[in-house]
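**Q** Take this structure, written in structure tokens, and hold onto it; I'll ask about it next.
No value in this document is a laboratory result; all are computed from the given coordinates. Keep in mind that what you see is a predicted model, and the values were worked out from it rather than measured. Cβ sites come from the backbone with ideal geometry, for glycine too, and all protein chains shown count toward neighbours.
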Amino acid sequence: MTLSTRSLPGWAALTAVAGVLAAPVAVVAWSLTDPDTEIWRQLWRTRLPGMLRDTVTLSVTVLAGTLLLGTALAWLVTAYEFRGRRILGWLLVAPLAVPGYVLGFVWLDTLAGPLGARGVRSIWVCAAVMILTLYPYVFLFARAAFRDQAQATVAAARSLGASRRRTFWRVVLPAARPSLAAGSALVVMEVLTDIGTVRLFNVSTVADGVLRVWFGTGDRDAATELAMVLIVAAVGLIALERGLRGGARYAQHGARRGPHTRPLRGLGAVGALGGAVLVLGAAVVMPVVRLARWASDAHRSGATATVAGDFSHHLTNTLQVAALATVVCMGAGTAIALVARRRGRAGTALARVASLGYAVPGPVVAIGVVVTLASLDRRGWVPGGVLLVGSLVGLVYGLVVRFLAVGYQGVDAGLSAVPAHAVDSARTLGARPWRVALRVELPQARAALLAAAALVAVDTVKELPITLLLRPFGTDTLSVWVWQATSESLWVQAALPSLAIVMVGMVPVAALLWALERGARVTS
Amino acid sequence: MTVVPDVALRVEGLTCRYGDHVVVDDVSFVVHAGELLSLVGPSGCGKSTLLRAVAGLDRASAGRVWLGERDVTALEAEQRRIGLVFQDHALFGHMRVDANVAFGLRHLPRSERVARVDEVLQLVRLTHTARRYPHELSGGEQQRIALARALAPRPAVVLLDEPFASLDEQLRDDVGAEVAALLAQQGTAAVLVTHDRAEALTLGRRVAVMNAGRLVQIGPPDEVYGHPADAFVEGFLATTRWRA
């Protein structure tokens, strides 16, 4: 049964929107049908084997590390009672606001002493940095899953004679599997997409290769071909995640208060808390303190501007781009969620098509945007379309293609929590579909809407590859400033914009936490 | 088609199919003006589906629905003027009580709207809750507000889907009797869907018994109780403690 027999108007318009959002991915995927063998032979002979090896090594290591750290910390704050548990639960999400390319250069400098200038630029240090910045994804999903488990289920397992440990491994963890799979997929997607962190540590992943080919040789065809590797990897990843979920939703009935907590005492308490504090120190406190020192050094020596402009120029651009991208993402995401829910399978398919960009790494999206706009221009459909490439429109287009899914999924999760009977009641009281949406559905999903908007905003502020490739000439953002300074190992000059990114990112993270406390959910 | 003037709701040959599964099978009945019809049957007999199809929330596969002389079969739920009250009350949690009740009155000018809200709140004796939020009310109060909200736009008929099932037993009888009296006082035709046999027999002026998607018997309570149409109705009502 579908939710309702009555659809919202605007189906045609939304199909068009989905098409526009899917186009950049589609044009890159199209090149797969006609691979240039010469380019591939060249790539195989030279860099590709190394790239694949580094990409796989990095992905597997970071995945294992984030799963271990994220799950352990989530279990600590849901199953045990200790002073500061609530605050720790909040603080442990904070690393979400610290981009890997910022944490990376702080640790690069810190460890350069003991490990040596060469030794520090290794794939293992790179992986450690990424684990520290990405574990919150697993943490958030795992915590939500642990909290969702009915108390009665855990109690039943215990009454059947299972020890706490056995209950965790046999009941709690398997039930959390779909959530852990979702969190892991996000982590691996981030690793595949990253270009800032890997560049710092001289790790040659495929994404890094795309960028090098683009900038180094200017050969966009070769870059596009290489990007296909990433699309294939992303599609494989999504299939794997679906498989791990097993198509099942482990809905549990009964009170969703999570397992009974027990007090944390003795050595275990010291160890667990010490570990958590250590993670926070390494991922947030230490880098912020160092950045602040460097920033004040830079301020004293007057190195607080780039050729593009001063600090406020970069900050304004960052906020402007993030605000625009968030508004468009949330607008399109909300409209698609509302309409798609009323269209059954066709609606779900439309939403998937529009969300395609999230499975595709930033450099690929950027290439897709350029190719799409250029070909629209060539066909005369969008006269002067190629001029949009270097404009704010092109940049926001790319960011929306990439992050629409974040907004859409958040809104959809919120809408599915709205009681169906409330919608039915509104209809029998004479409300037309749009009034039902605006007055009943969206207000009841407002916490979820805020959480989704917060996630989109954090993602756009931190975003590097699309911004780097598509930014209008002369309008640099904070992330571009960090990229340029760190490319030349100018840590002191990179400190101020880095600090600003972390601070700006903290606001949406706080909003996200507030929304989660009010019952918003990270998955549908 | 002759339409008797005092018929508020007429359902003719209503059928709901999902794939090969027939949930509601060729059901016909009428509800007269000011009458309360109980629709009773075991869980899963199709009574809630029938109600949703009458309200226009789900599409029927066949059959027609008339409100008085108006054929509403092709109309959407929001165009039908049929009130609906759910078991879970389905009040809008983000709106105050007065906004909940006013939700269906958008077509009225402001002053009339305020007057009508006040009127129905007086009817359910909950005027003092107007500025509260639904979660601040008791279960019984929420139930009455849900009824007030459904009655406010003066619907042609009110459908109640297990409206008392979420209330505790003691409260259930009182609220049930009060709601029935209220509807009678307003002269509003109503269909009360329930699985509670005693409730159906006590509150309904007539009782309709459903089984496996079909309407098996319809008539005054004492007739249905005293002269069951078949073995199913007899067995279904036999265990009920009810004095005709």
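**Q** Pick from the range B:96-108 the residues that are surrounded by fewer than 19 Cβ atoms within 10 Å (Cβ to Cβ) and either facing another protein chain (nearest Cβ under 8 Å) or under 18 Å from the mean Cα position of the chain (by Cα) (or both): which of them is nearest to residue A:426 (Cα to Cα)?
**A** Per the criteria, the residue is B:106.
**Q** Let me confirm something: among A:514, A:481, which residue is surrounded by fewer than 24 Cβ atoms within 10 Å (Cβ to Cβ) and not β-branched (Val, Ile, Thr)?
**A** None of the others qualify; the one that does is A:514.
**Q** Can you tell me which condition residue B:83 does not meet? The list is (1) over 21 Å from residue B:175 (Cβ atoms); (2) surrounded by 19 or more Cβ atoms within 10 Å (Cβ to Cβ); (3) at the interface with another protein chain (Cβ under 8 Å from one of its Cβ atoms), and all the others hold.
**A** With respect to (1) over 21 Å from residue B:175 (Cβ atoms); (2) surrounded by 19 or more Cβ atoms within 10 Å (Cβ to Cβ); (3) at the interface with another protein chain (Cβ under 8 Å from one of its Cβ atoms), residue B:83 is out only on (1).
**Q** Might you let me know whether the range A:27-49 holds any residue that is under 17 Å from residue A:193 (Cα atoms) and polar (S, T, N, Q)?
**A** No - not one qualifying residue is present in the range A:27-49.
**Q** Quick one: would you say residue A:437 is within 14 Å of chain B (Cβ to nearest Cβ), in a helix (DSSP H, G or I) and within 17 Å of residue A:337 (Cβ to Cβ)?
**A** When the stated conditions are applied, residue A:437 passes them.
**Q** Would it be correct to say that residue B:132 is away from chain A (no Cβ under 14 Å), part of a loop (DSSP other than H, G, I, E, B) and either touching a helix residue (DSSP H, G or I) at 6+ places or on another chain (Cβ under 7 Å) or not small (Gly, Ala, Ser) (or both)?
**A** So residue B:132 passes the test.
**Q** Then there is this: I'm trying to understand the selection: among the residues of the range A:179-200, which are farther than 26 Å from residue A:410 by Cβ and buried (at least 23 other Cβ atoms within 10 Å of the Cβ)?
**A** If the condition is that a residue be farther than 26 Å from residue A:410 by Cβ and buried (at least 23 other Cβ atoms within 10 Å of the Cβ), then A:198, A:200 are the ones that fit.
**Q** Of all residues in the range A:34-53, count the ones that are over 13 Å from residue A:227 (Cβ atoms) and of a type in the set (Val, Ile, Thr).
**A** Number satisfying all stated conditions: 2.
**Q** Residues to consider are B:90, B:74, B:60; find the one that is closer than 23 Å to residue B:183 by Cα and either within 13 Å of chain A (Cβ to nearest Cβ) or assigned to a strand (DSSP E or B) (or both).
**A** B:90
**Q** Another question, if that's okay. Would you mind telling me which numbered condition in (1) of a type in the set (Asp, Glu); (2) over 17 Å from residue B:188 (Cβ atoms); (3) surrounded by 15 or more Cβ atoms within 10 Å (Cβ to Cβ); (4) touching a strand residue (DSSP E or B) at 6+ places or on another chain (Cβ under 7 Å) residue B:26 fails?
**A** Single failed check for residue B:26: (3).
**Q** Moving on to the next point. Of all residues in the range A:398-434, count the ones that are among the hydrophobic types (A, V, I, L, M, F, W, C) and more than 10 Å from chain B (Cβ to nearest Cβ).
**A** So the answer is 12.
**Q** Can I ask one more? Just one of the numbered conditions (1) assigned to a helix (DSSP H, G or I); (2) under 29 Å from the mean Cα position of the chain (by Cα); (3) more than 8 Å from chain B (Cβ to nearest Cβ) is not true of residue A:443; which one?
**A** (3)
Per-residue answers, yes or no, for (1) among the polar types (S, T, N, Q); (2) in contact (Cβ under 8 Å) with a residue 60 or more places away in the chain:
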site: A:396; (1), (2): no, yes
site: A:401; (1), (2): no, yes
site: A:409; (1), (2): yes, yes
site: A:419; (1), (2): no, no
site: A:439; (1), (2): no, no
site: A:442; (1), (2): no, yes
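**Q** Right, something else. Do we find a residue being more than 14 Å from chain A (Cβ to nearest Cβ) and out of contact with any Gly (no Cβ under 6 Å at 6 or more places or on another chain) anywhere in the range B:142-161?
**A** yes
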